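Notes follow once the structure below has been shown.
The values are calculated or read from the model by the stated rules, or taken from the named source; none is laboratory data. Everything numeric in this text was worked out from a predicted model, so none of it was measured. Note that each Cβ is placed from the backbone with ideal geometry, even for glycine, and that neighbours are counted across all protein chains shown.
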Amino acid sequence: MSSGESGRTESASKTFYASSDDTKICVVMVGLPARGKSLIAGKALRYLAWVGISARIFNVGTYRRKLSPHPLANFFDPHNPEGEKMRWAAAEAAVSDMLKWFKESNGVVGIFDATNSTKQRRAWIHKTCTEAGIETLFVESSCDDEEIIMHNILEVKTTSPDYKGQDPEVAAQDFRNRIRNYEKVYETIDDDEKSYTYVKLINVGSTVIINQIKDYLSSRLVYYIQNLHIKPRSIWLSRHGESEFNLTGKIGGDSDISTRGEAYARALPGLLKQSGVPPGAKLTIWTSTLKRTIQTARHLAAETGYDKLEWKALDELDSGVCDGLTYEEIAEKYPEDFAARDEDKYNYRYRGGESYRDVVIRLEPIIMELERSDNIIIVTHQAVLRCIYSYFHNMSQEQSPWMEVPLHTLIKLTPRAYGTEEQRFKANIPAVSTWRGKGSSAKHQDPVDGTQPNH
Ligand code: ATP
Ligand code: F6P
């Protein structure tokens, strides 16, 4: 899988993209209010954090709120000099903090989240960034679908701190008036700006225009952003049914599922149904190429007729020379490695195998494909599932490798405007625990009290 034979912790500074490349990018959001700019910015931030890139959002609304916490629509009228002054001041303060962050915190991607709706404003940002050695990537979201805009206003704008304590209907009307004020001066990105790097998303990505992408990081970001959609859907995650290796406490391998694992495989179609599949929805089943996930998804595929796809990228973390050993045997044979892994589990790479960081990198195409897709059920392995889960829940690199993901449990994730909703469905079929606490080499440790029950 990976080139590493080191059996040691990798440098954390080696990120997803070439470590020698010192590209810094300012992603400049563009668009009228309620066009999903903050949502796109938030998702891009989560993606970047997941692949290990230092990124931060600078939201001008937050700065403006310090100057004017509850403004009415009239504040945003371009002919209101007082409002104009404060809005420029907020934008300048955000840009100044962003430049400071790039310099002092070694930031890689700063996301400048505002409407940036005039050519004048964009020219200013472009010039300021260029002078500071920072590339710009403009991301415009335009949408003229009244139904989507109204839905957006009701979903997120009436609960904005701008309207705290106000009647939602009054807030919605005021927000529509705010949009009208922006429309008076709004200029879409056009040929006058063709020297800029930009992506234009029209009506939630139904048309995408891409211009002048110059580097690898921008191209990955653009590919990610263009695949985002807002159709309601869920993603189901499950580990394979208990395997023969799980029973003996061995890691890795390509063993069959146990009798109890087979019972879980048979129960999976019912469990999925119980979790609430929207009527008429067509799911796709993704498994790894290893027997235990394919066997677990077998009945599900047969009973539902859902399409099935095997991904090599979903195979379990490669434990290299430790493949087929128990944690106790690893601690005996490779004590230094065992301790090094506990010290920094995310970055530790097994001799001849992988680290969690390596797994995240090979899962990147899976995340891209997941963002493009509708309903998907993924049957995979403990470490891989932790990595996918950490993307959806924005979990830190310190936490995710230690997360408990019990066998015989279906996790349903439903992306919402901000954040991911989660439900868990436990099959009533016992299985061993494969969780291991820091410092322990115990087999089948209980994640709640750390004991080792008899099986
Ligand atoms: P503002 O300028 O007031 O900050 P905004 O453009 O940042 O507004 P968001 O707060 O991100 O708007 O709006 C979130 C809503 O936009 C959600 O309901 C989400 O479903 C929807 N949305 C997400 N992507 C898009 C898109 N490409 N086009 C239109 N709406 C979208
Ligand atoms: O024990 C089951 C298993 O999927 C192994 O094959 C794999 O090496 C391990 O879990 C990953 O978990 P951890 O990173 O906690 O050792």
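For the reader, a short list of remarks on this structure follows.
- Evaluation of Glu329 against (1) more than 10 Å from ligand 2 (Cβ to nearest atom); (2) assigned to a loop (DSSP other than H, G, I, E, B) (one fails), failing number: (2)
- Positions within the stretch 131-141 being of a type in the set (Gly, Ala, Ser) and assigned to a loop (DSSP other than H, G, I, E, B), in sequence order: Ala132, Gly133
- In the stretch 253-267, the residues that are part of a helix (DSSP H, G or I) and either under 23 Å from Gly353 (Cβ atoms) or touching a strand residue (DSSP E or B) at 6+ places or on another chain (Cβ under 7 Å) (or both): Gly261, Ala265
- Among (1) in contact with a Lys or Arg (Cβ under 8 Å, 6 or more places away or on another chain); (2) free of Cβ contacts under 8 Å to residues at least 40 places away in the same chain - the single one Trp101 does not satisfy: (2)
- Unique match (being farther than 18 Å from Thr434 by Cα and more than 16 Å from ligand 2 (Cβ to nearest atom)) among Thr259, Thr284: Thr284
- Per the conditions (1) out of contact with any strand residue (DSSP E or B) (no Cβ under 8 Å at 6 or more places or on another chain); (2) modelled with pLDDT under 95; (3) farther than 16 Å from Cys143 by Cα, the sole criterion not satisfied by Leu247 is (2).
- Qualifying residue in the stretch 122-130 (condition: more than 16 Å from ligand 1 (Cβ to nearest atom), outside any helix (DSSP H, G or I) and free of Cβ contacts under 8 Å to residues at least 60 places away in the same chain): no
- Subset of the stretch 118-156 (residues that are within 24 Å of Lys100 (Cα to Cα) and of a type in the set (S, T, N, Q)): Gln120, Thr128, Thr130, Thr136
- Verdict on Ser219 being within 16 Å of ligand 2 (Cβ to nearest atom) and either closer than 30 Å to Pro430 by Cα or out of contact with any Gly (no Cβ under 7 Å at 6 or more places or on another chain) (or both): no
- Residue in the stretch 317-326 that is surrounded by the fewest Cβ atoms within 10 Å (Cβ to Cβ), counting only those that are within 16 Å of Trp435 (Cα to Cα) and more than 8 Å from ligand 2 (Cβ to nearest atom): Thr326
- Condition broken by Tyr391, with the remaining ones in (1) away from ligand 2 (no atom under 16 Å from the Cβ); (2) under 26 Å from Ile257 (Cβ atoms) satisfied: (2)
- Any hit, the stretch 146-163, residues being over 28 Å from Gly107 (Cβ atoms), assigned to a loop (DSSP other than H, G, I, E, B), at pLDDT 95 or above and out of contact with any strand residue (DSSP E or B) (no Cβ under 8 Å at 6 or more places or on another chain): no
- From the list Asn211, Asn246, the lone residue that is polar (S, T, N, Q), more than 29 Å from Met368 (Cβ to Cβ) and more than 16 Å from ligand 1 (Cβ to nearest atom) is Asn246.
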